[in-house]
Amino acid sequence: MKFSLIFAILACGSNLHAADDVTATREDKQVVIRVGQQEILRYQAEPGDLPRPEIPNSYLRGGYIQSIRTPSGRLITDDFPANHLHHHGVWNPWTKTEFEGRHPDFWNMGNLTGKVDFVALDSVWQKDGKAGFKARHQFLDLTITPPKVALLETWEISVSTVGKRYLIDFTSTQTCATDSPLKLPTYHYGGFGFRGSSAWEGADGCKFLSASGLTDRLKINTSREKWCWVGGKVDGETCGVTILGHPENFRFPQPIRAHPDQPFFCFAPQQLGEMEIVPGQKYIARYRLVVADGEPDAKAAEASWEDYAKAR
């Protein structure tokens, strides 16, 4: 795969204009963010309908980004993929945990030991060329009767456009819901996750480029990176997302989980050893998604990360 040195070729038919406003609107059970008439993302607040009748009700959930589109309108995410029904466009659960001696798994919902619920949408806003929302979630331990809330989480999402790129700023703030910590043993995935387009399925379907210059997903897996591009062809054209980690994140640069044959990416700080979220302290995780059409550009990605690193 060849990597271009410029983003000028990213147009791919995009009709973005500087005068277009970025807007956020509540539409039924979703928040939809657009620039002009062009859709950028959909956030699933309350659970919607399952997309296929064979999916068990245990997988029904809200509180995640259901879809992301590039400036040309290409869909770069998947939702409820058949081989991983618990995967969604962008979601943020923990996998291997210990809570009060029990072991809820908030990631693999089919196990029925834990889940993440949408709680409330606190705001939907647009200002100064940006738009976004603030939402609350809760991590529910299902291993006890009645179920018990282990973590409270707030998402703050801000979306803007720069040239022919979309910038999606993601901030998750997690706090303990009780006097008990949530312990996170060493594990290879869990936390901020991205599920790519169904068109990227297979060992050769999803491409990567990391900040350290790696393109082999087997080498990227477990590598510590400040940014990583994930993408591939959709409708015959290359597009993707560069996922930036903020330098104030815990254990930055965080290690990556890159699935060997599926379009899945995760920043997983618990790969480096056990950690915990303790009462009275906030666990804050910040990422920026740079969404664009065209081949990845290492220089542009590095410049984007430098700009993001200055953001507070």
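The values are calculated or read from the model by the stated rules, or taken from the named source; none is laboratory data. Predicted model, so just to flag it, every value in this text is computed and none were measured. In this analysis, Cβ positions are derived from the backbone assuming ideal geometry, glycine residues included, and neighbour counts consider all displayed protein chains.
So the values come out like this:
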| read-out | value |
| --- | --- |
| Any hit, the stretch 255-276, residues being under 15 Å from I220 (Cα atoms), within 17 Å of the chain's Cα centre (by Cα) and in a helix (DSSP H, G or I) | yes |
| All positions within the stretch 95-106 that are touching a Gly at 6+ places or on another chain (Cβ under 7 Å) and either within 20 Å of D179 (Cβ to Cβ) or in contact (Cβ under 8 Å) with a residue 60 or more places away in the chain (or both) | T95, K96, P104, F106 |
| Among the residues listed as F99, F133, F118, F139, the single one being farther than 20 Å from R195 by Cβ, within 18 Å of the chain's Cα centre (by Cα) and crowded, with 17+ Cβ neighbours inside 10 Å | F133 |
| Hey, A150 assigned to a strand (DSSP E or B), touching a residue at least 40 places away in the same chain (Cβ under 8 Å) and more than 18 Å from the chain's Cα centre (by Cα) or not | yes |
| Every pair of residues 6+ apart whose Cβ atoms lie under 6 Å, when the first sits in the stretch 298-312 and is assigned to a helix (DSSP H, G or I) and surrounded by 11 or more Cβ atoms within 10 Å (Cβ to Cβ) while the second is among the β-branched types (V, I, T) and modelled with pLDDT of 95 or more | A301/T242; S304/V290 |
| Only one of N83, N57, N92 that is touching a residue at least 24 places away in the same chain (Cβ under 8 Å), within 26 Å of K148 (Cβ to Cβ) and out of contact with any Cys (no Cβ under 9 Å at 6 or more places or on another chain) | N92 |
| Meets criteria (at pLDDT 95 or above, more than 23 Å from V230 (Cβ to Cβ) and aromatic (F, W, Y)) for F99 | yes |
| Residues located in the stretch 111-140, provided they are more than 22 Å from G48 (Cα to Cα) and of a type outside the set (A, V, I, L, M, F, W, C) | Q126, K127, D128, G129, K130 |
| Odd one out for A203 among (1) farther than 25 Å from G73 by Cβ; (2) modelled with pLDDT of 95 or more | (2) |
